[in-house]
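Everything on this sheet refers to the single structure shown next.
The values are calculated or read from the model by the stated rules, or taken from the named source; none is laboratory data. Treat the numbers as computed from the prediction; the structure is a model and nothing was measured. Backbone-built Cβ (ideal geometry, glycine too); neighbour counts: all protein chains shown.
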Amino acid sequence: MNNNEKINPSMPLMLQEAYIDSKLVLYVYIPESSEVHKLNSKYIYIRTEEGDKDITNNQYALKKLYVRKSGDHFEDKVYHDLTIDDFDMDTVTYAKKLSILNDEHSNWKNLSNEDILKTFYKQDSTTGEYGYTNAALLLFGKSESITNKISWYKVDVLKRFNDLERYDDRFTCEDNLIKSYDEIIKYILDKIDQPFYLSPNGVTYNAVNVVVRELVSNVLIHRDFLDATGTQILLYRDAYLMQIIMCIKRGEVGRELP
């Protein structure tokens, strides 16, 4: 680690000695670095749950690594050309009502829709210019404004009860995250059975509704918007699946098929 020809840039570390059962153990603590280090000035590895993975030629994984090391986040990206007209005010009003219902002392309670959007108006750390962030666009943006900036933004819901190769029915949602949540849930619940369920304490319970809401929220919340791979929810007679590229804090980013 201290040899610049082996690890570049080098990372000076100190070995510590400890005796366990009369045996000498050498211990070294390796903190997370703010830089990307290369092995033999060529190879780049990341740590995954299975071990170390060579991502030298994996452009997507490298992009994710450099973004993480830079401290920048996709949702904080600033667009200088977005205006108030790019946002759906009905969504902002709806979100404000939900915020107040959840917390009567919500900071949004006395704010206008324009003031709420201003909380997402930030300075670009690179250019110094100001603009609305990706977070504002994804939460409140009009569908055409979102797809103009993130062309791959959409969620496909495919019903595969009979045709397992293609689909019996399809719903493509390109609205902002807040509207998408309600629209996708409504579509799914309209297409599947919701059998009667009685909980152990004698209360009727819509288990399917709970499962669907959890499924949709995970698709929308954990999706990695840096990746242009399509996001799908697949409905089968005996299973509901989500197919997404998920954003994982540490380790490999991979396709998830729960």
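Taking Glu17, is it in the same structural domain as Lys64 (by TED's automatic domain parsing) and outside any loop (DSSP other than H, G, I, E, B)?
Against the criterion (in the same structural domain as Lys64 (by TED's automatic domain parsing) and outside any loop (DSSP other than H, G, I, E, B)), Glu17 qualifies.
Examine region 28-41 for a residue that is touching a strand residue (DSSP E or B) at 6+ places or on another chain (Cβ under 9 Å), of a type in the set (Gly, Ala, Ser) and either surrounded by 13 or more Cβ atoms within 10 Å (Cβ to Cβ) or not assigned by TED's automatic domain parsing to the domain that holds Asp227 (or both), and state whether such a residue exists.
yes
Could you please give the count of residues in region 76-93 that are polar (S, T, N, Q) and either crowded, with 17+ Cβ neighbours inside 10 Å or closer than 16 Å to Thr133 by Cβ (or both)?
2
Do any strands (runs of 3 or more DSSP E) lying entirely in region 70-170 carry at least 1 residues that are under 30 Å from Arg237 (Cα atoms), and which ones are they?
Filter on region 70-170 gives 155-159.
Would you confirm whether any residue within region 178-186 is among the hydroxyl-bearing types (Ser, Thr, Tyr), assigned to a helix (DSSP H, G or I), surrounded by fewer than 20 Cβ atoms within 10 Å (Cβ to Cβ) and in the same structural domain as Thr229 (by TED's automatic domain parsing)?
Yes, there is a match, as at least one residue in region 178-186 is among the hydroxyl-bearing types (Ser, Thr, Tyr), assigned to a helix (DSSP H, G or I), surrounded by fewer than 20 Cβ atoms within 10 Å (Cβ to Cβ) and in the same structural domain as Thr229 (by TED's automatic domain parsing).
Given the criterion among the β-branched types (Val, Ile, Thr), at pLDDT 85 or above and surrounded by 11 or more Cβ atoms within 10 Å (Cβ to Cβ), identify the matching residue among Ile20, Ile44.
Ile44
Taking region 51-69 on its own, how many of its residues are farther than 25 Å from Asn3 by Cβ and in contact (Cβ under 8 Å) with a residue 60 or more places away in the chain?
Counting residues in region 51-69 that are farther than 25 Å from Asn3 by Cβ and in contact (Cβ under 8 Å) with a residue 60 or more places away in the chain gives 5.
Are any residues in region 194-221 in contact with a strand residue (DSSP E or B) (Cβ under 8 Å, 6 or more places away or on another chain) and under 15 Å from Val157 (Cβ atoms), and if so, which ones?
Those that are in contact with a strand residue (DSSP E or B) (Cβ under 8 Å, 6 or more places away or on another chain) and under 15 Å from Val157 (Cβ atoms): Val211, Val212, Leu215, Val216, Asn218, Val219, Leu220.
Would it be correct to say that Glu129 is under 30 Å from Ala228 (Cα atoms), over 22 Å from the mean Cα position of the chain (by Cα) and assigned by TED's automatic domain parsing to the domain that holds Ile84?
Criteria met by Glu129.
Of all the residues that make up region 217-258, how many are loosely packed, with under 15 Cβ neighbours inside 10 Å, modelled with pLDDT of 85 or more and closer than 17 Å to Arg160 by Cα?
Adding up the residues that qualify gives 2.
Name the residue, out of Ile55, Ile7, that is at pLDDT 80 or above, under 30 Å from Leu138 (Cβ atoms), surrounded by 10 or more Cβ atoms within 10 Å (Cβ to Cβ) and of a type in the set (Val, Ile, Thr).
Selected residue: Ile55, the only one of Ile55, Ile7 that is at pLDDT 80 or above, under 30 Å from Leu138 (Cβ atoms), surrounded by 10 or more Cβ atoms within 10 Å (Cβ to Cβ) and of a type in the set (Val, Ile, Thr).
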